Amino acid sequence: MTVVGGRAVMENGMISVDRWAIGSQAYFLTHLHADHTQGLSPSWRRGPLFCSRVSAKLFPSKFPGFDLSLLRVVDIGRWHSLSIASPSSDSASTVHFLAVDAYHCPVMYLFRGEFGYMLYTGDFRWEAMSDRALIGRAMLLNALKDVNLDYLYLDNTYCNPAYAFPSREVAAKQIVNIIESHPKHDIVIAIDSLGKENLLAYISRVLNIKIWVWPERLQTMHLLGFHDIFTTKTSLTRVRAIPRYSFSIETLEGLNRMRPTIGIMPSGLPWVAKNDKGNNHPLGPPVIDPNIFKKYHQYIYTVPYSDHSCFSELKDFVKLLKPVDIKGIVTSAPSYTNPLYFFGHLCGTKQTSQALHQKNETLRSGGSKLHKKGVKKLQHTGARASRVSILRRVRRGAKVSDTDSTLV
Ligand SMILES: [Zn+2]
């Protein structure tokens with residue numbers, strides 16, 4: 001991202017977050033999920049790459065042969081600074097940045113510079129009452145006291161009232177209940193190549209059982225500091241964590257031809273709250289089903305264990321920080337809507353916010369009088385709705401420049 005005086009400081013040569021194309025002076029990685037590393041490869045050498053200590057540890061196994069001298073470790077909770085050239089004025093400019101725990105896999109970044117204050121959440125879960133979120137909250141409030149947050153790049157994966165789900169603690173208990181209620185079954189749990197480690201550790205601890213993972217995942221677990229919980233020996237446990245891409249009805253049917261097996265899919269994605277008429281309604285008040293896990297198929301349960309914030313958490317987050325402007329970082333999110341549609345009225349005001357306010361009003365009024373740009377965005381997202389499950393993980397990141405006046 002490039003920011004100066006206006007909003008997008010991410011274009012034309014300053015810094016990029018989770019984007020790896022040529023043209024920036026410094027690159028920031030929030031975490032190593034594949035949708036944030038598109039364009040990164042072992043041969044990538046475009047500049048210094050700032051990342052958390054955890055990401056730095058995982059880098060050699062994710063990108064064997066990567067030039068590790070490019071990595072700059074950013075410690076959580078401490079301001080760092082970076083001197084870069086301003087493409088518009090040819091003068092040097094200092095960007096300060098603070099990494100905050102995103103309670104997902106590593107971090108979000110708060111940037112401070114001549115462009116103002118800008119927060120890039122990456123993917124994050126804002127469970128406001130958890131200890132880690134309380135620490136993050138204190139860090140952000142302390143850094144932003146007496147100043148405006150000018151730009152918020154928000155994880156809008158579930159930015160719609162239809163997405164309502166409980167805390168991960170509640171969802172994890174449900175998963176344990178499902179496992180305990182199937183004492184004679186094998187269990188397979190779908191996970192990605194990174195993330196959900198705390199869920200698996202919780203299951204292991206409560207049930208006093210080891211958990212099988214595939215060999216590369218075991219290596220990742222060891223790098224993350226989990227040494228005694230996981231195994232690659234199937235004979236040691238009936239609970240296996242398998243790659244999400246291999247988790248399907250066909251897989252479960254195949255496994256059940258050999259042994260009784262159930263599958264558990266921990267994800268926020270299937271969880272659309274129903275309105276009081278029982279219809280899925282993206283704009284209606286959400287009603288959370290008290291029976292939070294669902295039997296999706298004869299052999300499959302889905303449980304709303306999500307590492308992304310649900311709508312009410314996003315709303316709390318915006319209310320707390322009162323950014324002047326918001327940009328969703330996932331343009332292909334399920335039921336994508338510009339976050340300003342829901343949160344524009346919670347935004348703070350500063351300089352150019354007259355125009356912003358106008359834009360929010362027209363967006364909220366139903367669309368007929370939208371600015372050209374707003375119309376384009378809404379139509380664009382509507383057209384993509386049917387493809388979201390394929391696309392939702394491939395478009396993230398931002399680039400900030402001091403000359404670009406549109407967010408990318
Ligand atoms: Zn992620």
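Annotation: amide H-H contacts under 5 Å for Asp307 (H modelled 1.01 Å from N, sequence separation of 5 or more, or interchain): Gly268.
Length gained on full extension, Ile135 to Ser61, computed as 0.36 nm times the residue gap minus the Cα-Cα distance: 23.6 nm. Taken one residue at a time, the phi angles of segment 245-253 give Karplus couplings (6.51, -1.76, 1.60, θ = phi - 60°) of 5, 9, 8, 7, 4, 4, 4, 5, 5 Hz. Gly and Pro are set to x. Spacing of the modelled spin labels on Thr234 and Tyr296, each 7 Å from Cα toward Cβ, amounts to 2.2 nm. For a test of the definition: using alpha carbon positions, the gyration tensor, and the 1.5 limit on a/c, classify segment 135-264 as rounded, prolate or oblate. The shape class here is prolate. Amide H contacts of Ala85: Ser93, each under 5 Å away and 5 or more positions distant or on a separate chain (H built 1.01 Å from N in the peptide plane; Pro and chain starts excluded). Once backbone amide H atoms are built at 1.01 Å from N, Ile300 has Gly263 as its partners under 5 Å, excluding neighbours fewer than 5 places away on the same chain. Annotation for Glu114 and Thr94: the two label points, set 7 Å from Cα along the Cα-Cβ direction, are 1.4 nm apart.
When Cys347, Cys159 are arranged by Cβ crowding within 10 Å, least crowded first, meaning fewest neighbours, the order is Cys347, Cys159. What the phi angles of segment 132-149 give under the Karplus curve with 6.51, -1.76 and 1.60, with θ = phi - 60°, is a coupling list of 5, 5, 5, 5, x, 4, 5, 4, 5, 5, 5, 5, 9, 5, 6, 10, 8, 8 Hz, glycine and proline written as x.
Is the C-alpha gyration tensor of segment 29-137 telling us rounded, prolate or oblate? Criteria: a/c under 1.5 is rounded; beyond that, a/b larger than b/c is prolate, otherwise oblate. Oblate, because a/c is 1.5 or more while a/b does not exceed b/c. The dipole here belongs to segment 137-248: it is taken about the Cα centre, uses +1 on the Cβ of Lys and Arg and -1 on the Cβ of Asp and Glu, and is about 460 debye.
When Arg168, Arg205 are sorted by how many other C-beta atoms sit within 10 angstrom of their C-beta, beginning with the fewest, the order is Arg205, Arg168.
How would segment 176-252 be classified by its alpha-carbon gyration tensor: rounded, prolate or oblate, with rounded meaning a/c under 1.5 and the a/b versus b/c comparison settling the rest? Since a/c reaches 1.5 but b/c is at least a/b, the shape of segment 176-252 is classed as oblate. Over 31 Å between Cα atoms: which of Lys210/Lys315; Lys173/Lys233; Lys196/Lys315; Lys173/Lys319 fall into that group? Listed pairs above 31 Å: Lys210/Lys315.
Here, each number is a calculation from the coordinates, and none is a lab measurement. The structure presented is a predicted model; accordingly, all values stated were derived computationally and were not measured. Virtual Cβ from ideal backbone geometry, glycine too; neighbours counted across all protein chains shown.
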